[in-house]
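Shown next, in structure tokens, is the structure this report addresses.
The values are calculated or read from the model by the stated rules, or taken from the named source; none is laboratory data. Being a predicted model, the structure only gives us computed values, none of them experimental. Please note: Cβ atoms are built from the backbone with ideal geometry, for glycine as well, and neighbour counts cover all protein chains shown. Calculation scope for accessible area: heavy atoms of the full protein, side chains included, ligands and nucleic acids excluded. Shrake-Rupley method; radii C 1.70, N 1.55, O 1.52, S 1.80 Å.
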Amino acid sequence: MEPAPPEFDLIAQLWAPLTLGAPGAFGLKDDVAQLSSAPFGHVVTCDQIIENTHFLPSDPLDWVAKRLVRRNLSDLIAKGCKPIGAFLSVAWPRSRPYAHLTDFAAGLGQDLAELCGACPLLGGDTSTTQGPLVASLTLIGAPLSVAGQPILRSGAQASDLIFLTGTIGDPYLGLQVRLGLMDGQGLEGAVAIALAPSPPPLAVAAIIATHAKASIDISDGLLADAGHVAAASGLALELDLERVPLSAEARVFLDRAQTPVEALLSLVTGGDDYQALTCVAPADAEAFASKMMALGVKITQIGVCGDGQGLTLFFHGERLDLPARTGWQFSGA
């Protein structure tokens, strides 16, 4: 196995090129970075990936890094913010060859450049471990709203229309196939998506910043995250499940399911979709949707906000009980 170079050589070879020459990175030759001042301050999001929890040991390492970037980027886009800097911490297993680390750096750099609008890496830490691969990325963002504030979960109002970008369920389907829990025939596209689901394009952040009252990225599961908005905004979110946008692969899955409603519920609770759920005032809905479509972004109204509390589900006009599990939940057990 090829040994990794000394720490400072590794920084120079792998991480320093990802600074893109940002002056505040100091070439990664110091212990700190400096952010440029922002009129309304910065926003920060941080997510991590853990081997055997968020990805499989056999996954290509460039795609593992892309998954890490996209987990964070989807948060900023849904908040109406653009990334302006990144910090990376990696605990690298001694059992993995150095070549894998170069693959990881390549995937990270590609997504920071292409999806994040040439966002520079400003610092972080690389260490080794006897355990599994663990990596954490922190993205610094700048709000794009006129008020200079992120679009929070708590701003929805009764009568707001609920919109969803993209489609839901493919990451869940792809993972089930990869784990050998589901027949993969007809689901090849979902398997590819599951490696590193793509959030909406970065330009969507400005549209959300202009028109959305509340917004959240779909990472825990559509039902769980919609419930987060309902709780934070102190109102009811009514979702029409038959309106939830699905890919051709997801339609294949539903068509061969013995109980289509249960199959649909598995898609809307699976998580890791990285799409944006937004609440928009009726007066702004047409402009909001038109701008999304002009970008080539699929946008679907899936419900409405109302008086009350919590989440209410409908399917073809009939009310459904909430499933016991609405999405991912942390367990300390």
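To the nearest 500 deg cm²/dmol, what mean residue ellipticity at 222 nm is calculated for the chain from DSSP H runs of n ≥ 4 alone, each contributing -39,500 (n - 2.57), summed and divided by the residues? The partial results should precede the final answer.
Details: 10 runs with 107 residues, N = 333.
It comes out at -9500 deg cm²/dmol, rounded to the nearest 500.
Once the dipole of the chain is set up with Lys and Arg at +1 and Asp and Glu at -1 on Cβ about the Cα centre, which of Val32, His316, Cys46 lies farthest towards its positive end?
Checking the options against the dipole of the chain, the answer is Val32.
Express the accessible area of region 183-333 per residue in Å², computed with a 1.4 Å probe while the remaining protein chains stay in the model. If you can, show how the numbers build up before the last one.
Details: 6790 Å² over 151 residues.
For region 183-333, the per-residue accessible area is 45 Å².
If you take the square roots of the eigenvalues of the alpha-carbon gyration tensor of region 93-157 and sort them as a ≥ b ≥ c, do you get rounded (a/c under 1.5), prolate (a/b over b/c) or oblate? Provide the component values of the computation, followed by the final result.
Working: a/c = 3.33, a/b = 2.15, b/c = 1.55.
Note, shape of region 93-157 comes out prolate.
Could you tell me the distance between the Cα centroids of region 218-276 and region 185-205, to the nearest Å?
Going from one Cα centre to the other spans 16 Å.
Per residue, how many Å² of accessible area does region 72-114 show with a 1.4 Å probe?
Heavy-atom SASA per residue in region 72-114 reads 30 Å².
Any chance you could give the angle, 0 to 90 degrees and rounded to 10, that helix 98-114 forms with the longest Cα principal axis of the chain?
Result, in degrees: 50.
Nearest 10 degrees, 0 to 90: what angle lies between the long axis of helix 61-78 and the longest principal axis of the chain (Cα atoms)?
The two axes meet at around 50 degrees.
Taking θ = phi - 60°, what integer Hz values does the Karplus form 6.51 cos²θ - 1.76 cosθ + 1.60 yield along region 239-253, in sequence order, with x for Gly and Pro?
Those phi angles translate into 10, 9, 5, 5, 8, 4, x, 10, 7, 4, 5, 5, 5, 4, 4 Hz.
With all protein chains present, how much of the accessible area of region 1-65 (probe radius 1.4 Å) comes from carbon and sulfur, to the nearest whole percent?
Of all accessible area on region 1-65, carbon and sulfur atoms account for 56 percent.
What percentage of the solvent-accessible surface of region 89-199, computed with a 1.4 Å probe over protein heavy atoms, is contributed by carbon and sulfur atoms?
55 percent
What translational diffusion coefficient, in µm²/s and rounded to a whole number, does the Stokes-Einstein relation yield for region 192-333 at 10 °C and a viscosity of 1.306 mPa s, taking the hydrodynamic radius as the Kirkwood radius over Cα pairs?
Values: Rh = 16.1 Å.
D, rounded to a whole number, is 99 µm²/s.
Compute the Cα gyration tensor for region 1-60, then decide on rounded, prolate or oblate, letting a ≥ b ≥ c be the square roots of its eigenvalues: rounded whenever a/c is under 1.5, prolate when a/b is larger than b/c in the other cases, and oblate in all that remain.
On the way: a/c = 3.21, a/b = 1.30, b/c = 2.47.
Oblate is the answer for region 1-60, as a/c is 1.5 or above yet b/c matches or exceeds a/b.
Could you check what % of the DSSP bridge pairs in the chain are antiparallel, to the nearest 5?
Bridges in the chain that DSSP calls antiparallel: roughly 75 percent.
Report, to the nearest 10°, how far helix 222-233 tilts away from the longest principal axis of the Cα atoms in the chain, using its own Cα long axis and a range of 0 to 90°.
80 degrees
In the chain, with Lys and Arg counted as +1 and Asp and Glu as -1 at Cβ, which of these residues, Leu202, Gly21, Gly124, has the Cα nearest the positive end of the dipole, that is, farthest along it?
Gly21
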